[in-house]
Amino acid sequence: MESKLSRNLYSFSYFLWIVIFVILPILLIVYYSLFDIEGNFSFVNYQKFFTAVYLKMTLSSFWYAFLITVITFLIAYPTAYLLTKTKHKQFWLLLIIVPSWINLLLKAYAFLGIFGTYGVANSFLKIIGMGEQQILFTDFSFVFVSVYIFIPFMILPIFNSLNELNPTLLDAARDLGASAWTAFYRVIFPLTIDGVKSGWQVTFIPALSLFMLTRLIAGNKVITLGTAIEQQFLVTQDWGMGSTIAVFLILIMILFMFLTNTRKRGV
Amino acid sequence: MNVASIIQFKNVTKRFGNNPPVLDNVSFTLERGKFYTLLGPSGCGKTTILRLIAGFTEPSEGEIWFNGQKINHLPANKRQVNTVFQDYALFPHLNVFENVAFGLRIKKVKKTEIEAKVKQALSFVNLDGYEYREIREMSGGQRQRVAIARAIVNKPEMILLDEPLSALDLKLRTEMQYELRELQRRLGITFVFVTHDQEEALAMSDEIFVINNGKIQQSGTPTDIYDEPINRFVADFIGESNIVEGKMVEDYLVEFVGKKFECDDKGFNANEPVEIVIRPEDLEITTPELGRLQVRVDSQLFRGVHYEICCYDKDDNEWLVHSTKKAKVGKEIGLSFDREAIHVMRLGETEEEFDRRLETYADKGDSAQWKVN
């Protein structure tokens, strides 16, 4: 009886947390999304979302998140793989993780300096004879900085799954006639797919709603769902429309999590 | 190099960094279609030999020849060799069928052919009907069989087995020993089996290589190695033995524990110090008057098939006796033995010298089966 009571007590704090910080906010967002800018109850926001402007925005948001995730992945997987082969792998991993402890805003400002007209990047371009370029406020700088920020989050789960991999399996694959590449795509990659999926989740979902970077680094030239929400709330003061976009963002996230749902396999 | 030989090591040394070599100038030849065992304590270099044959590592010095071709730098996937790993190394994301089919799929064998070959391989190891099980649903013994099926399905020229039975319980292990031996006979493929279990080695092999400290101590048939161990290590590692120091007075006469005994060995210098091995099962309990040795029984263990009796003579040499007869602890008894039971070992003799010496008295009967590579 007592264990049941204490279990209820413990789960109470959990449920309290879920209700106050997850369920209530979502309900509030759904509630706000049902009012137009005048404060009248209507579905006009949802109609508006399915117009060309917003659909294009959703699509572009998707495109950038996808681009960022793919590039991050292409850098993170080989890096994680090499890390597991090093002698002091935990130390090298730490070096990669450390920058993620620094505030995102600080890093964004650092890049403003680096990519600025008189920044390090441009000085370098001048030396190699390419002349001064507009780097800041471009798609390139936005994707570059986002990738930089997400790399540690992608590396960590992939590193862990590679680290757990039994190295004899690689010997076995080679022994059965697999070339290094065949062994990779038939054995190593399928066995680390769970790490890859978590890496995609922690990159793709936040990348969908980036808004600070779009403003600071991309100069609002890139509009993502995150930027749109921010604009609706703070500039247009149309809380209804902002909430509607947020509702769709949440739906997309749930869908993505469902699609990349990790199923534990193995012995 | 003759036609029968499949693999040959020529003065192979393997070292990692500046550490002493794991394998030290090892040379041997394996013949096609035989069951070989590499036997030795852990860390002796036996697994390194296996990894060198499989191609997971390359020798630091020396040459490895396979079918008359030097393969020092040939990668593992290009070798006609398959391995059964100690932890089986089955692919957890594939089911039994796909695990066995792995090698065939890489070779782009036709689908219908794969189906037939995998079925056949699984029935070879008595796993019919297990095709679509997941690996995690299989027991240790079944996984072992899948690993064997995965190796034999590729029809390699040689199968390497790295302590594949060590994770199984005693009963299953004995069963698998029979099955492996039977499988090797049916397939006619060369098996190289690594183990630290001397009973396993004696039961299964055509030929055993006893390895210690990166060197082959002795090679030969199980009976050769058991009956004629070359040195203290081999005598001790293969079965139980009583080893005492003595000296060779002249040909066919040896002295130990202060007495002279007739024996079958010759070719030593006069009064050369030697070591004597007498196997516990060659000692027979009798009365002190009839015994060639007089000892006091110190302790006795019942081992099922026999009693293991530990005795001490007056010089405090320990004598281990395996006897079906019971002895009384604390009592004085006599031990008798035949002249064939005495095995004399020359100190620091190499295998070649040992073989050469045995050749010289090959006329004396059963030692004639000694073979020099």
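The values are calculated or read from the model by the stated rules, or taken from the named source; none is laboratory data. Only a predicted model underlies this, so the values are computations on that prediction, with no experimental measurement involved. We place every Cβ from the backbone using ideal geometry, glycine too, and count neighbours over all the protein chains shown. When the accessible area is computed, the model is the full protein with side chains, heavy atoms only, and any ligands, DNA or RNA have been set aside. Shrake-Rupley method; radii C 1.70, N 1.55, O 1.52, S 1.80 Å.
A few notes on this one:
- Extension gain, B:Ser5 to B:Lys78, is 24.3 nm, computed as 0.36 nm per intervening residue step minus the present C-alpha separation.
- Inverse mean reciprocal Cα-Cα distance (Kirkwood Rh) of the stretch A:1-119, Å: 20.4
- Over all projection directions, the Cα-based convex hull of the stretch A:29-91 averages an area of 7.2 nm².
- Between B:Leu290 and B:Glu182, the C-beta separation translates, for a Förster distance of 41 Å, into a calculated FRET efficiency of about 0.35.
- Between B:Ile285, A:Phe15, B:Ile230, the Cα set farthest toward the positive side of the dipole of the protein assembly as shown (charges on each charged residue's Cβ, about the Cα centre) is that of A:Phe15.
- Net charge in the neighbourhood of B:Ser27 (other residues with Cβ under 14 Å of its Cβ; Lys, Arg +1, Asp, Glu -1) is -3.
- Against the empirical curve 2.2 N^0.38 Å, the C-alpha radius of gyration of chain B lands at a ratio of 1.15.
- Estimated from helices alone, the mean residue ellipticity of chain A at 222 nm is -21500 deg cm²/dmol (sum of -39500 (n - 2.57) over DSSP H runs with n ≥ 4, per residue).
- Quarter of Cα convex hull surface for the stretch A:120-267, i.e. mean projection, nm²: 12.9
- Per residue of A:176-185, other chain Cβ atoms within 10 Å of the residue Cβ number 5 on average.
- Calculated diffusion of the stretch B:5-227, Stokes-Einstein form, Kirkwood radius summed over Cα pairs, 4 °C and 1.567 mPa s, µm²/s: 72
- Solvent exposure of B:Arg79, expressed as accessible area, is near 20 Å², computed with a probe of 1.4 Å over the protein chains only.
- Among the listed pairs B:Lys78/B:Lys117; A:Lys87/B:Lys46; B:Lys14/B:Lys78; B:Lys10/B:Lys155, those with a Cα-Cα distance over 24 Å are A:Lys87/B:Lys46; B:Lys10/B:Lys155.
- Charge dipole magnitude, Cβ of K and R +1, D and E -1 - the protein assembly as shown, Cα centre, debye nearest 20: 3520
- Helix-only [θ]222 nm of chain B, DSSP H runs n ≥ 4, -39500 (n - 2.57) each, per residue, nearest 500: -7500 deg cm²/dmol
- Charge sum, other residues only, whose C-beta stays under 15 Å from A:Glu38's C-beta, Lys/Arg counted +1 and Asp/Glu -1: -1
- Förster radius 45 Å - calculated FRET efficiency between B:Arg232 and B:Glu131 (Cβ-Cβ, nearest 0.05): 0.30
- Mean Kyte hydropathy of 1.0 or more with a Cα span along the axis of at least 18 Å, helices from DSSP in chain A: A:52-85, A:139-164, A:239-259
- Calculated FRET efficiency for the pair B:Ser166/A:Val30, C-beta based, R₀ 51 Å, to 0.05: 0.25
- For peptides A:103-110, B:154-161, sequence by mean Cβ density within 10 Å, most packed first: B:154-161, A:103-110
- Total formal charge among the other residues, if their Cβ is under 15 angstrom from that of B:Glu131, Lys/Arg +1 and Asp/Glu -1: +3
- Kirkwood estimate for the protein assembly as shown, i.e. one over the average of 1/r between Cα atoms, Å: 31.3
- Entry note: chain A has Rg to Rh equal to 1.05, where both radii use alpha-carbon atoms and Rh is the Kirkwood radius.
- Peptides A:75-85, B:140-150 ranked from most to least packed by the mean count of surrounding Cβ atoms within 10 Å: B:140-150, A:75-85.
- Interface between chains B and A: roughly 2100 Å² of accessible area buried, both sides summed (probe 1.4 Å, protein heavy atoms only).
- Packing around the peptides A:167-176, B:105-114, taken as the average count of other Cβ atoms within 10 Å per residue, puts them in this order, highest first: A:167-176, B:105-114.
- Spatially close lysines, pair count over the stretch B:241-364: Cα under 24 Å, gap of eight or more or interchain: 14
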